[in-house]
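Nothing in this text is a laboratory measurement; each read-out follows from the coordinates by a stated rule. Keep in mind the model is a prediction, meaning the values are calculated, not measured. Please note: Cβ atoms are built from the backbone with ideal geometry, for glycine as well, and neighbour counts cover all protein chains shown.
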Amino acid sequence: QKEVEQNSGPLSVPEGAIASLNCTYSDRGSQSFFWYRQYSGKSPELIMFIYSNGDKEDGRFTAQLNKASQYVSLLIRDSQPSDSATYLCAVNLNSGGSNYKLTFGKGTLLTVNP
Amino acid sequence: EPEVTQTPSHQVTQMGQEVILRCVPISNHLYFYWYRQILGQKVEFLVSFYNNEISEKSEIFDDQFSVERPDGSNFTLKIRSTKLEDSAMYFCASSVQGGPGELFFGEGSRLTVL
């Protein structure tokens, strides 16, 4: 059974702080890793994806992957109230090829307080 | 910006009735997906579709579910005899390739089975 685990939160940070979101996965064969943001009642919106061990930065967001520890994280710098949402970690067995059969975590609710 | 569109946004049906959810993927995309999210639960993969056939399906996608691309633009999910537990948000998604890159989600169709 492939599992993706996240702390459900809520994680509360003040505006301007760094928010750190964590995710672990069970299947060592997983190849690609995604962070989605989901506002209440809305669809998932891709923030970043990462395939290789290490860090990947995009603006205020940094994804970190450690395949040996089966751990992926998302850092949000200079958090804004508009970042308040549920953050979903998703994992795919394929790094490319024919399928986006993603396994999602339940998500971490982030609240950024003004 | 191109987007995945879904109809209806909300459908209420009686248990045992057939439901068809419709999606128009982004026009140059080749891979199509249905995911669902029961209220308060994880986003779950249902099925992927490529080259006019199912490429992969989950154990949730049993004989009461079917998908088709009837006219080259629409992508539909049919639930033959709805059950109470089918109540969920159903997300259609599409991608240019199976990966890497972005999986674009539609806004979802909320199905309520009474």
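Compared with the alpha-carbon gap, the fully stretched path from A:ALA68 to A:ILE18 is longer by 15.5 nm at 0.36 nm per residue. Summing Lys, Arg as +1 and Asp, Glu as -1, what charge do residues with Cβ under 12 Å from the Cβ of B:LYS42 carry, B:LYS42 excluded? Computed value for this residue: 0. Once the chain from B:SER55 to B:ARG80 is taken as fully extended at 0.36 nm per residue, the excess over their C-alpha distance is 6.9 nm. The charge dipole of the protein assembly as shown, taken about its Cα centre with unit charges on the Cβ atoms of Lys, Arg (+1), Asp and Glu (-1) only, comes to about 220 debye. The 3J(HN,Hα) values that the Karplus relation (6.51, -1.76, 1.60; θ = phi - 60°) gives for segment A:40-55 are, in residue order, 4, x, 10, 8, x, 10, 5, 9, 7, 10, 9, 10, 9, 4, x, 10 Hz. Gly and Pro appear as x. Its Cα gyration tensor gives chain B an equivalent ellipsoid. The semi-axes, each the square root of 5 times an eigenvalue, are 22, 14, 13 Å from largest down.
Rounded to the nearest 20, the size of the Cβ-charge dipole of chain A about its Cα centre is 300 debye, with Lys and Arg at +1 and Asp and Glu at -1. Among the aspartates and glutamates, which have Cα under 12 Å from the Cα of B:LYS83 when same-chain residues fewer than 8 positions away are ignored? Cα-Cα hits under 12 Å: B:GLU18. Quick one: check the C-alpha center-to-center distance for segment B:5-38 versus segment A:21-73, whole angstrom. Each part's Cα centre sits 26 Å from the other's. Taking each residue as 0.36 nm, the span from A:SER26 to A:ASN53 lengthens on full extension beyond its C-alpha to C-alpha distance by 8.1 nm.
Compactness check for the protein assembly as shown: Cα Rg over 2.2 N^0.38 Å is 1.02. For trypsin sites (Lys or Arg not before Pro), the sites in segment A:1-78 that DSSP calls loop and that have at most 16 other Cβ atoms within 10 Å are A:LYS2, A:ARG28, A:LYS42, A:ARG60, A:LYS67, A:ARG77.
Taken along the Cα-to-beta-carbon direction at a fixed 7 Å, the label points for A:TYR39 and A:ASN113 span 2.3 nm.
A P(r) calculated from all alpha carbon pairs of chain A, with 5 Å bins opening at zero, reads 2, 13, 24, 25, 20, 10, 5, 1, 0 percent. Less than 5 angstrom separates the built amide H of A:GLN31 from those of A:ASN92, A:LEU93, A:ASN94, all sequence-distant by 5 or more or on a different chain.
Relative to the Cα centre, the charge distribution of segment B:35-114, modelled as +1 at Lys and Arg Cβ and -1 at Asp and Glu Cβ, gives a dipole magnitude of about 200 debye. Here A:LYS56 is the anchor, and the lysines within straight C-alpha reach of less than 30 Å, apart from those fewer than 8 places off in the same chain, are A:LYS2, A:LYS42, A:LYS67, A:LYS101, A:LYS106, B:LYS42.
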